[in-house]
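Everything on this sheet refers to the single structure shown next.
Every read-out reported here was derived from the displayed coordinates using simple, explicitly stated rules and does not represent laboratory data. The structure displayed is predicted, hence computed values, not measured ones. No Cβ is skipped: glycine too gets one built from the backbone with ideal geometry, and neighbour counts run over all protein chains shown.
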Amino acid sequence: MVRVFVVDDSAFVRRALARILDAQPGYQVVGEAANGLDALERIPRLDPDLVTLDVAMPGLDGIQVLRGLLRWKPGLKVIMLSVHTRRGAEATVEALAAGAVEFIDKSAFNLMDLETLRREVLEKIVVSVGPARATGPRVPAPRASGLGRDAAAHCELCIIGASTGGPAALQRILERIPATFPLPILVVQHMPAGFTLPFAQRLDALCRLQVAEATEGEKLLPGQVRIAPAGRHLRVTANLAVVLSEEPADAKHIPSIDLTMKAAARARPGRVLGILLTGMGEDGAEGMVALRAGGGVTIAESEESCVVYGMPRAAWRSGGVGHVLPLPEIADFLERFTGISPPTPESTAGMPDFPPRSSPR
């Protein structure tokens, strides 16, 4: 039984969440609070598995409550409820970076369509609580051995894909990397429209690398991080220029990690370092296969550090993963990699193409 505690200053929202969750087999709402102080007092006594937490509340706001809860119980699953405004987006990004695993747009509660709301709530909650981690037999992925800092010395671009749990994971990685990192970094993080810009701005304030939302036609340069904008797919050209598009519009995720990685594999075969972090589903699996088959280096986050071990598992099963590392060791590798000088067009002009690599099973 998954025990849930609901924190929101709106009695309507509390009732709606309780109605949805109590009707879902395996879930039970064990308590409610209308403000942060009450939540911090009651939650440790009830010790729930999951907390839904309003971002904006009188008195202690959701960010303050979140930090207090995670000091009490690191690893507690907390899902934020946020209004879709600029301030709401900024606060939500801050909460995700602080350790919240997901967020639900509170505008869904205004639809007055209980079935639509139920799907939205359950999709986020069921994914975050953990069934995705336990689905199917555990895949015995080998740990990376001998992954020296020169393992990706031939690479010219780094692509990092992430979904649920990604904002905090990305912050932990990127804030470790010096400004002299020799490759441009592309980040594809699943987020709705309006959230990737404040996410990029927050990372830019915290990191030594220069972080911004990607723009059409810009050239990717070493020491820079570009975030794929929500609602747009991101491709790169052979000279590492950004191409943004809304097509295919029927993709499950926009931006798509698969699309970005496969485009990079075609544009710069054998010259891309691909990293796939925590997230639900299979986005990134095909992209990692394409990168690895062309001679690129691929790293997946290990199950032990993932919030949701979905995308890395799918990539491993597809044969797209060359190395498996927990999050701290991914950051270690990239930090060590900073001392490497990337290959220039002149130095690689005479090098043979990397032979295609079959996908191991």
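A few remarks follow.
- Under 5 Å from the amide H of residue 324 lie the amide H atoms of 144, 300, each residue being 5 or more positions distant or on a separate chain, with H modelled from the backbone and absent for Pro and chain starts.
- Note on residue 87 and residue 115: their simple-model spin labels are 3.6 nm apart, each label 7 Å out from Cα toward Cβ.
- Inverse mean reciprocal Cα-Cα distance (Kirkwood Rh) of the stretch 1-90, Å: 13.1 Å
- All lysines inside 22 Å of residue 73 as judged from Cα atoms, apart from same-chain residues fewer than 8 positions distant: 124
- DSSP-defined beta bridges in the chain - what % are antiparallel, rounded to 5: 10 percent
- Working note: Karplus 6.51/-1.76/1.60 with θ = phi - 60° gives the stretch 221-227 the couplings 10, x, x, 10, 10, 10, 9 Hz, where Gly and Pro are set to x.
- Theoretical gain in end-to-end length, residue 10 to residue 176 [0.36 nm per residue, Cα-Cα removed]: 55.8 nm
- Taking 0.36 nm per residue of separation and subtracting the Cα-Cα distance, full extension of the segment from residue 67 to residue 3 would add 21.0 nm.
- Counting only the Cα atoms, the chain fills a convex hull of 132 Å³ per residue.
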